[in-house]
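Down below is the structure, laid out as structure tokens.
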Amino acid sequence: RIGDVVKIEFESKEGKIYKVNLIPDDTTVTAGDEITLTAEVLDKHNDGISGKTVTFYKSDEPNSGWSKIGTATTNRKGEAEFEYTETEAGKFYYYAKCGNKDSRDSKKEGKEITVDPEDPSVIEFVTDEGKCFDVDANDNNKIKFVVKDVYGNKITSASGCEVKVTSAPDDSDLEDEI
């Protein structure tokens with residue numbers, strides 16, 4: 001009929017996989033946060049392919065030592081979403097694979113995500129060679145601390161914490177209270 005508009009949507013069915021893209025929700029997260037990895041499985045016309053199983057991989061190297069972390073099935077848009085919680089701090093690499101296609105580039109590198117430590121949670125006193133600090137010794141000992149988050153990741157940023165001396169012996173030669 002004249003004047004009517006009809007919207008027709010087409011879905012790709014069982015098409016041949018041409019390309020797999022991996023889209024992380026963020027490139028920097030905090031330890032303990034959930035990382036959402038979305039894989040797009042596309043045919044040669046860039047249409048999504050539904051019902052395909054996508055496998056997700058992780059490595060601490062840009063292009064080797066991959067470990068499988070899980071799978072997800074593509075929806076009608078050709079997207080498979082996988083949620084993963086990372087508690088270890090550092091730089092990690094991820095990729096998605098479906099059939100014989102994967103999301104890595106020509107160098108076989110995955111998508112890099114940096115995981116920062118959580119807020120400080122634990123302060124550990126460090127001793128030399130397992131010896132306790134001797135306050136009576138007159139050899140200008142240095143006191144060292146290691147600050148970690150709740151997951152055991154060392155916090156290396158000086159802006160992450162501050163150590164103050166709250167008390168010292170009266171005859172101490174302590175020069176600075178911080």
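Are there strands (runs of 3 or more DSSP E) fully within region 1-73 with at least 3 residues that are touching a Phe, Trp or Tyr at 6+ places or on another chain (Cβ under 7 Å)? List them.
34-42, 53-59, 67-73
So, in region 131-167, of the ones that are assigned to a strand (DSSP E or B) and open to solvent by 100 Å² or more (accessible area, probe 1.4 Å), which residue ends up modelled with the lowest pLDDT?
Top of the filtered list is K144.
Can you name the residue in region 20-44 that is charged (D, E, K, R) and within 15 Å of K77 (Cβ to Cβ) and, of all such residues, is nearest to the chain's Cα centre (by Cα)? So that I can check it myself, show each step before the final result.
We begin by selecting, within region 20-44, every residue charged (D, E, K, R); these are 25-26, 33-34, 40, 43-44.
If we keep only those that are within 15 Å of K77 (Cβ to Cβ) as well, we get 40, 43.
Working: E40: 20, D43: 29 Å.
Among those residues, the one meeting the criterion is E40.
Whether any residue in region 100-107 is within 10 Å of the chain's Cα centre (by Cα) and not aromatic (F, W, Y) is what I want to check.
Within region 100-107, none of the residues are within 10 Å of the chain's Cα centre (by Cα) and not aromatic (F, W, Y).
Results for (1) at pLDDT 95 or above; (2) open to solvent by 30 Å² or more (accessible area, probe 1.4 Å), shown as yes or no for each residue.
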residue: S67; (1), (2): yes, yes
residue: G70; (1), (2): yes, no
residue: E86; (1), (2): no, no
residue: E129; (1), (2): no, yes
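The values are calculated or read from the model by the stated rules, or taken from the named source; none is laboratory data. Here the structure is a predicted model, which means the values were calculated and not measured. So basically every Cβ, Gly included, is an ideal-geometry build from the backbone, and we count neighbours across all protein chains shown. Calculation scope for accessible area: heavy atoms of the full protein, side chains included, ligands and nucleic acids excluded. Shrake-Rupley method; radii C 1.70, N 1.55, O 1.52, S 1.80 Å.
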